[in-house]
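Values in this text are rule-based calculations from the coordinates and carry no lab data. Note that this is a predicted model, so its numbers are computed, not measured. In this analysis, Cβ positions are derived from the backbone assuming ideal geometry, glycine residues included, and neighbour counts consider all displayed protein chains.
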Amino acid sequence: MKNRIVFITGSTSGIGEGCARKFASKGSDLILNGRNEDKLLKLKNELESEFGIQVLPLVFDVRDRKAATDALASLEGKWENIDVLINNAGLVFGVDKEYQGDLDEWDIMIDTNIRALLSMTRLITPGMVERGRGHIINIGSIAGDAAYPGGSVYCATKAAVKALSDGLRIDLVDTPLRVTNIKPGMVETNFSVVRFRGDKEKADNFYKGIKPLTGTDIAETIYFAASAPEHIQIAEVLIMPTNQATGTISYKKT
Ligand code: NDP
Ligand code: 8X3
């Protein structure tokens, strides 16, 4: 993966940040997207000085299609030749029932987890097809395999990520491009803090009594898929803590 260009959405935390560190440690140059400019610049400085790679920060909200289009159009030289797109930016709000939740929060989940993933794919994949090289790695979830209590809308967004990954793989079958859907179970990141709307205690409680995965664990798996020989397409990976057996979180209800 040395000198490859890897584009990561939502790279300022958790799995995205883990990927930035992993790919940087292997010599890849990174285009890092996020909304928090300070965090992105800090990460850029850290990774460039530790690993001698180059980082191009792109500050935009992935839901803003114009901002995403402008950011992609601003790429010059080697940065135009993206080898790996990691569609990672995503989130969940609440554990509400489908007939009780907040419509605005659902819109944010749908816009981020589905629409934005789709626009990034639409913006970046044509260049990969032209160059005859590329890998789109979507961060789905175990939640996309089956709905669980309080997860209806989030689970639906991740089921959509599975369908979009499978559809794209079909559409690209006559090209050398690869598509991977990574489906993690419980990973301790900022994800649950966002889910519980900033309530850190509730978020910590969610992982009490188990040893959850980390962003670094998932980054290792993503790197494995990205660095596999060109003829190997890791279509899907379902990965969960040893303490977890299925997608349901009902037994951890808070
Ligand atoms: P984090 O909350 O730690 O990281 C999410 C990242 O996405 C942050 O950098 C966040 O930035 C960014 N992000 C969110 N919305 C936007 C946006 N509109 N534009 C740009 N960046 C955005 O969570 P995770 O690392 O756990 O989540 C990463 C992905 O993994 C998500 O798609 C999630 O659904 C998926 N996943 C997580 C699991 C888990 O248990 N943690 C399990 C399975 C899948 P900001 O700080 O600005 O919000
Ligand atoms: C995140 C996994 O089970 O916490 O996608 O919703 S779960």
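Couple of notes before you dig in:
- Amide H within-cut-off set for ARG178, under 5 Å, with H built and near neighbours excluded: GLY134, HIS135, ILE136
- As a rough footprinting exposure proxy, the listed residues SER13, SER165, SER25 were ranked by other beta carbons within 10 Å of their own, and the order from fewest upward is SER25, SER13, SER165.
- Antiparallel DSSP beta bridges within the chain, as percent of all bridges there, nearest 5: 0
- Equivalent ellipsoid semi-axes, region 62-165, via Cα gyration tensor eigenvalues times 5, rooted, Å: 30, 15, 8
- Helix 14-25 axis versus longest C-alpha principal axis of the chain: approximately 30°, rounded to the nearest ten.
- Here the relative contact order of the chain, from alpha carbon pairs under 8 Å that lie six or more residues apart, stands at 21 percent.
- Multiplying the residue separation of GLU130 and ASP174 by 0.36 nm and removing their Cα-Cα distance gives an extension gain of 14.6 nm.
- Between 0 and 90°, nearest 10: helix 37-51 axis offset from the chain longest Cα axis: 60
- Subtracting the Cα-Cα distance of ASN3 and ASP61 from 0.36 nm times their residue separation leaves 18.2 nm of extension gain.
- Gyration tensor (alpha-carbon) shape descriptor, region 107-199, a/c threshold 1.5: prolate
- Here the simple spin-label model places points 7 Å from the Cα toward Cβ, and for ASP96 and ARG122 these points are separated by 2.8 nm.
- R0 of 25 Å, Cβ-Cβ distance LYS78-ALA235: FRET efficiency to nearest 0.05: 0.30
- Considering only ALA245, ILE137, ALA71, the residue lying farthest towards the positive end of the dipole of the chain is ALA245, judged by Cα position with unit charges set on Cβ.
- Listed by Cβ neighbour count within 10 Å, with the fewest neighbours leading, VAL237, VAL161 appear as VAL237, VAL161.
- Cα centroids of region 17-89 and region 107-186: 19 Å apart.
- For region 69-76, putting each phi into the Karplus relation 6.51 cos²θ - 1.76 cosθ + 1.60 with θ = phi - 60° gives couplings of 4, 5, 4, 5, 5, 7, 5, 10 Hz, in residue order, rounded to whole numbers and with x for Gly and Pro.
- Proxy reagent accessibility, fewest Cβ within 10 Å first, across MET186, MET1: MET1, MET186
- In degrees, nearest ten, helix 152-171 long axis to first principal axis of the chain (Cα): 30
- For the chain, the longest site-free run once trypsin sites (Lys or Arg not before Pro) in DSSP loop states with at most 12 other Cβ atoms within 10 Å are removed: 98-196
- Residue-span extension gain [PHE224 to LEU41] - 0.36 nm each, minus C-alpha spacing: 63.2 nm
- Region 10-84: C-alpha gyration tensor shape, a/c 1.5 cut-off, then a/b vs b/c: oblate
- In the chain, a dipole from Cβ-located charges (positive for Lys and Arg, negative for Asp and Glu) runs towards its positive end, and of ASN181, ILE124, ALA228 it is ALA228 whose Cα lies farthest in that direction.
- Taking region 189-206 and a reference point 7 angstrom along Cα→Cβ of LEU103, no backbone N atom is nearer than 20 Å.
- Prolate/oblate/rounded label for the chain (Cα gyration tensor, a/c 1.5): prolate
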